[in-house]
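Visitor: To start, I am sharing the structure in question, which I have written as C-alpha cells.
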Amino acid sequence: MNSLQSLTGVERHLGADAIVVSKTDLKGRITYANQTFLDIAGYVEEEVLGKPHSILRHPDMPRSVFKLLWDSIAAGQELFAYVVNRAKNGDHYWVFAHVTPTFDDAGTVKGFHSSRRAPRPEAVAVIRTVYRDMREEEARHANAKDAMAASLELLINKYIGHGRTYEDLVFSL
Ligand SMILES: Cc1cc2nc3c(=O)[nH]c(=O)nc-3n(C[C@H](O)[C@H](O)[C@H](O)COP(=O)(O)O)c2cc1C
C-alpha cells in the first residue's frame, strides 16, 4: 500500500483548530479514530478500526523516529514528534504529534493515545530536510538495526548535538 508509485505528491493541510485523535491497543492497532482523523486520512471508521497504525506510514518517515516513539511509549513516557502521513489516496499531510501511553487503575500500560495538530510550516521545512538525511542514511544499510542506529547517530552528530534529544530539536523548531 505504501509503495512510492501510489503517492500523489499532493499535500493536505489540517485546519488551524483541528485536532487529530487516535487510540491504539498495545500492539498499535487502532481502537479509536476521531472524525478529523478520518477526514484528513481519507478513510471511513470501519476501514481503520483494528488496523495497525502503520496503514498511515509514509515512505519519507525515518524508521528510527518510529523506534524512538515505540521506545518512549513502551517505557511509559510520552513523545512529541513531527510525522508525515500518507492518506488513503496517496496524498500526504504533516502533523505535530503527541503520543502517550494510557494506564489502567493498577498503573499498567493498557494502550496508547495520540493527538496531533497542524505543524508550523517553518518547522516542517526544517524537519523535512532532517528526515531526508536520515532516510538516506538508513538506505545505506541493509540491516534494519544498523540503519536505525546510523540514522540516530547522524541526527545527533549533524542536528542535535551530544547530550541532547530528538525532542530538544522538535521544541527548537
Ligand atoms: C498512538 C500511536 C499513534 C501512531 N500514529 C502514527 C501515525 O500517525 N503515522 C504513522 O506512520 N505511524 C504511527 N504510529 C506508529 C506505527 O505504529 C508504526 O510504528 C509506524 O507506522 C511504522 O510502521 P512499521 O514499523 O510497520 O514500518 C503510531 C503508533 C501509536 C502507538
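Visitor: Looking at 117, 132, can you tell me which residue is in contact with a Phe, Trp or Tyr (Cβ under 7 Å, 6 or more places away or on another chain) and in contact (Cβ under 8 Å) with a residue 12 or more places away in the chain?
Guide: 117
Visitor: Considering every residue within segment 48-59, establish whether at least one is of a type outside the set (Phe, Trp, Tyr), in contact (Cβ under 8 Å) with a residue 12 or more places away in the chain, in contact with a Lys or Arg (Cβ under 7 Å, 6 or more places away or on another chain) and farther than 17 Å from residue 23 by Cβ.
Guide: Checking segment 48-59: at least one residue is of a type outside the set (Phe, Trp, Tyr), in contact (Cβ under 8 Å) with a residue 12 or more places away in the chain, in contact with a Lys or Arg (Cβ under 7 Å, 6 or more places away or on another chain) and farther than 17 Å from residue 23 by Cβ.
Visitor: Have a look at 33, 123 and point out the one that is surrounded by 15 or more Cβ atoms within 10 Å (Cβ to Cβ), of a type outside the set (S, T, N, Q) and closer than 20 Å to residue 170 by Cα.
Guide: On the way: 33 fails: closer than 20 Å to residue 170 by Cα.
On inspection, the qualifying residue turns out to be 123.
Visitor: Separate question: How many of the residues making up segment 41-60 are near the ligand (Cβ under 10 Å from one of its atoms) and either closer than 21 Å to residue 118 by Cα or over 16 Å from the mean Cα position of the chain (by Cα) (or both)?
Guide: Residues in segment 41-60 being near the ligand (Cβ under 10 Å from one of its atoms) and either closer than 21 Å to residue 118 by Cα or over 16 Å from the mean Cα position of the chain (by Cα) (or both): 8 in total.
Visitor: Let me confirm something: among 102, 129, which residue is more than 15 Å from the ligand (Cβ to nearest atom) and either under 27 Å from residue 41 (Cβ atoms) or buried (at least 20 other Cβ atoms within 10 Å of the Cβ) (or both)? Give the steps one after another, and end with the answer.
Guide: Details: 102 fails: more than 15 Å from the ligand (Cβ to nearest atom).
Answer to the selection: 129.
Visitor: Could you list, ordered by first residue, the pairs with Cβ atoms under 8 Å in which the first is in segment 69-87 and in contact (Cβ under 8 Å) with a residue 24 or more places away in the chain and in a strand (DSSP E or B) and the second is polar (S, T, N, Q) and near the ligand (Cβ under 9 Å from one of its atoms), at least 6 apart or interchain?
Guide: 79/100; 86/2
Visitor: Also, I was wondering about something else. Can you tell me which of (1) assigned to a loop (DSSP other than H, G, I, E, B); (2) surrounded by 17 or more Cβ atoms within 10 Å (Cβ to Cβ) is the one residue 50 doesn't meet?
Guide: (2)
For (1) in contact with a Leu (Cβ under 7 Å, 6 or more places away or on another chain); (2) among the charged types (D, E, K, R); (3) at pLDDT below 95, each residue gets a yes or a no:
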position	(1), (2), (3)
8	no, no, no
22	no, no, no
55	no, no, no
66	no, no, no
91	no, yes, no
107	no, no, yes
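Visitor: Filter segment 28-44 for residues that are within 22 Å of residue 100 (Cα to Cα) and not small (Gly, Ala, Ser) and give the result.
Guide: The initial filter retains those residues of segment 28-44 that are within 22 Å of residue 100 (Cα to Cα), namely 28-38, 40-41.
Scanning segment 28-44 gives 29, 30, 31, 32, 34, 35, 36, 37, 38, 40.
Visitor: Does residue 16 count as part of a strand (DSSP E or B) and under 24 Å from residue 167 (Cβ atoms)?
Guide: Values: part of a strand (DSSP E or B): no; under 24 Å from residue 167 (Cβ atoms): yes.
No; evaluated as a whole, the condition is false for this residue.
The values are calculated or read from the model by the stated rules, or taken from the named source; none is laboratory data. Keep in mind the model is a prediction, meaning the values are calculated, not measured. Note that we place each Cβ from the backbone using ideal geometry, even for glycine, and neighbour counts take in every protein chain shown.
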